[in-house]
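As structure tokens, the structure follows; a few thoughts come after it.
Just so it is clear, none of the values below were taken in a lab; they were calculated from the coordinates. This is a predicted model, so every value here is computed, not measured. Cβ coordinates were reconstructed from backbone atoms using ideal geometry, including for glycine residues, and neighbour counts include every protein chain displayed.
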Amino acid sequence: MTLRPKRLYLVRRNPSLTREEFPGRWMRHGDLSLSFQAKQGFANVYRYLLCPVMQPQSGKGPEHGGNGVADGVGMLFFRDEAARERHHASAAQRAAMEADEDETFAERVNGTSLFVVEQVALDGPLTPFLLTTVLRRRPHVTPQAFEAWWNDVHVHSVLRAAPALRRFVGNIPMEDGSGDLQADLIEELWFVSFEDLRRTLEDTAFAETRGALLEQCDVVSRLESEVRVLHDADPGPT
């Protein structure tokens with residue numbers, strides 16, 4: 001089976017941008033990235049998502065080695081490992097992207113990202129609203145025990161407690177994770193409406209799954225976002 005790396009990153013807006021200005025500026029940055037990808041015939045990237053937060057977030061703590069709350073989640077999906085290495089191989093392209101990052105974000109994406117592989121617990125469509133939770137396992141929980149618990153216990157509890165859920169993904173850091181975002185697993189819960197997302201968070205049964213989760217790990221950050229699909233194509237043969 002083809003390994004399809006995914007770059008997942010949390011972003012904070014440049015301090016010169018208001019919360020209202022930031023999504024539009026991020027979209028312009030995304031368009032610049034798309035222009036380079038188009039020149040490559042989208043040979044490397046098959047999906048590109050920008051997910052700005054819906055409202056001021058009540059984060060559980062620093063989300064990527066600093067204080068403050070993230071303003072969004074970005075995701076870049078690569079066709080294979082070679083594609084990841086080819087992406088931004090051009091020094092001129094890399095310099096242009098970094099210069100634009102400096103105008104868009106509080107820090108460059110390299111410092112707030114992680115390369116992961118998806119573990120799809122519920123396969124479904126890319127819906128408009130997303131709950132992203134960054135998790136760090138507790139010191140007494142081994143990586144193997146945490147992964148087994150997440151797959152064998154937690155996934156089933158969430159699926160039972162969240163009937164409005166349309167897609168459920170766990171992102172596992174790659175050994176060569178390359179980036180400063182510290183996480184043992186990043187969850188994605190996808191919903192058709194923001195109301196479904198909020199009702200799920202307020203539901204007693206779902207709250208119980210969160211309580212069990214906190215026995216295994218700490219929630220580093222939780223973001224409620226609107227999904228903007230910049231590019232989505234067939235990833236190619238597995």
message: Taking loop as defined by DSSP and a crowding limit of 11 other beta carbons within 10 Å, which GluC sites (Glu not before Pro) in region 157-197 fit?
response: 175
task: Give the distance, in whole Å, between the Cα centre of region 109-148 and the Cα centre of region 16-31.
output: 25 Å
statement: Membrane-span-like helices (DSSP H runs, Cα span along own axis at least 15 Å, mean Kyte-Doolittle at least 0.0) in the chain -> none
field: Label point distance in nm, residue 159-residue 40, each placed 7 Å from Cα along Cα→Cβ
entry: 3.4 nm
message: If I build a Gaussian network model for the chain, linking alpha-carbon pairs within less than 10 angstrom, which residue out of 72, 124, 170 has the largest mean-square fluctuation?
response: 124
- prompt: If you count the DSSP beta bridges with both ends in region 6-232, what percent of them are antiparallel, to the nearest 5?
  reply: 100 percent
